Amino acid sequence: MSSTETVSWRAVLNGPNAGMFAVLSFGVWLHAADSTVVATLMPSVVFDIGGAELISWNYMLYELASIAAACCGALVARRFGLRRAMIWSAVAFGLGCAISAVTPIMGGMLLGRAIQGAGGGLLVALTMIGASSLFPSHYAPRVMAAISAVWGASAFVGPLIGGFFAEYSDWRYGFWAFVVQSGALALALRLALPASLEAGDETARIPWRRLAVLSASVLAVAVAGLKDTFSMQSAGMCLFGLLGLILFLRLDGRAGNDRLLPRAIGDIRAPAWSGLTGVFLLAVVTTPFVVYGPVLLSILHGIGPIAAGYMVALESVAWTVGALAFSGAVGASQQRVIRYSFIGVAVGCAGLSVFVASGPIWLLLPLLFLQGMGFGACFGHILHRCVDLVPQDDKDRAASALSSIQTFGYALGAAVIGLIANAVGFGVDPGPATAGAASHWVFGAMVPVALIAVLTIRLLPQTNPTPHAPEGAA
């Protein structure tokens, strides 16, 4: 089949493809649902074992471990084989959940969350590799659209699961439930993935020093975003994180076969650079409402936590809708979907910068939907395009890099908007006046970033590559 022909859902999910797709989706579910479930369980956790001052570290360590592990996705797959790597990632995730389930102190919870983040981040990165290597290349947008549907479903189902355990049972059982699911995933991976994916390359080595530089950079950015007031210290930590990231990219780009990311990410002349950079910029742009939307709407418009929470979830649902609706685009249509998606996100961002503060509230719904749908519509196509544009020895790195690039974009976006909000005094006086100023500056600062993203993605070349043969599909 030509890559310019639309692939049907029946072809994607038929025969042995169905089993492989099911286990890939299961891994994404664990990582995505865990975040929303734990957010719902955390009040009960704090009430039981204390540690309220460390709540933010639960999320920060989870994301830090997730980013570091995701960057290792390609090397881990090469070292141990995709099948074995995914199985042990599921086991690690389950181990982290078990530690969280039995701990009597918040320190144990932090350890468990870090291990969960490592296992979950690696699972998602390996899923991206599986989506691009287990299926023909032109199947990638359809596969990613279906996986996005799983991710979107977790936005609604996750809080319900967490709420059930928090209100009607014991929060520890919530973690045990994920231990059971992790074991089921490990078994399913062993049964569904081809045994040929077990082979690994013993010469592949994990570059721990580069990972330490990356981890320190992400940690500095995350800590900068935790400060309640604007200070030169928080700004310096954010700058330190950015400089550390640049150093990491330079060191990794000069490495040989053990590099973590594709060379294209640090080379503006590379054809795939604009796609990888575009995903990073979109992640930054879409961060403000997730971080500050609920609290600003509560102060300015009296919106309750449930309504605000589901407004946040609307972006996840819109991501799924966009991914499914436009997954069949090929050739020139694919190019248009990518470019118009970036424009849609920019329009949504500009609208939020105006109407979060002034209202009407109902107008925020289509703007949030536009942002989520735009990101979801283009993500699978960018994955397809970037994997095809990089050299053969970087294809698995390009596939696994997108998830870590996206997550780091969220972390950097949260830190930057935290600095902006605190600079206008919101951290020390979260009243209506500072909330109004914060809403304009937090969302308004993302508008030029969105415009840069629109211009950047125009550099992504249109290709009609010859589909590669899948490694595991029959």
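Brief remarks follow.
- Test result for residue 436, touching a residue at least 24 places away in the same chain (Cβ under 8 Å) and surrounded by fewer than 24 Cβ atoms within 10 Å (Cβ to Cβ): yes
- The listed residue being surrounded by fewer than 24 Cβ atoms within 10 Å (Cβ to Cβ), farther than 27 Å from residue 24 by Cβ, in contact with a Leu (Cβ under 8 Å, 6 or more places away or on another chain) and β-branched (Val, Ile, Thr), out of 361, 420: 361
- From the options 147, 161, 206, residue that is part of a loop (DSSP other than H, G, I, E, B), at pLDDT 75 or above and not assigned by TED's automatic domain parsing to the domain that holds residue 414: 206
- Test: residue in the stretch 266-283 that is of a type in the set (Phe, Trp, Tyr), crowded, with 17+ Cβ neighbours inside 10 Å and free of Cβ contacts under 8 Å to residues at least 60 places away in the same chain: no
- Exclusive hit being modelled with pLDDT of 80 or more, surrounded by 17 or more Cβ atoms within 10 Å (Cβ to Cβ) and of a type outside the set (D, E, K, R), set 408, 426: 408
- Number of residues in the stretch 295-324 that are within 20 Å of the chain's Cα centre (by Cα) and closer than 19 Å to residue 370 by Cβ equals 15.
- For the stretch 429-458, the set of residues classified as assigned to a loop (DSSP other than H, G, I, E, B) and at pLDDT 90 or above consists of 445, 458, listed by residue number.
- Scan of the stretch 114-136 for residues that are over 19 Å from residue 78 (Cβ atoms) and in a helix (DSSP H, G or I), ordered by number: 114, 115, 116, 117, 120
- Residue 393 more than 22 Å from residue 118 (Cα to Cα) and either assigned by TED's automatic domain parsing to the domain that holds residue 118 or outside any helix (DSSP H, G or I) (or both): no
- Within the set 11, 70, the sole residue that is at pLDDT below 80 and assigned to a helix (DSSP H, G or I) turns out to be 11.
- Enumeration of residues in the stretch 375-419 that are closer than 19 Å to residue 146 by Cβ and aliphatic (A, V, I, L, M): 377, 382, 383, 387, 399, 402
- Residue in the stretch 190-198 that is crowded, with 23+ Cβ neighbours inside 10 Å, modelled with pLDDT of 85 or more and not basic (Lys, Arg) present: no
- Output for the stretch 244-258, where each listed residue is over 22 Å from the mean Cα position of the chain (by Cα) and either touching a residue at least 60 places away in the same chain (Cβ under 8 Å) or exposed (fewer than 15 other Cβ atoms within 10 Å of the Cβ) (or both): 250, 254, 255, 256, 257, 258
- Note on the stretch 291-311: residues that are aliphatic (A, V, I, L, M), free of Cβ contacts under 8 Å to residues at least 60 places away in the same chain and within 17 Å of residue 40 (Cα to Cα) amount to 4.
The values are calculated or read from the model by the stated rules, or taken from the named source; none is laboratory data. The shown structure was predicted, so the numbers you read here are calculated from the model rather than taken from an experiment. We place every Cβ from the backbone using ideal geometry, glycine too, and count neighbours over all the protein chains shown.
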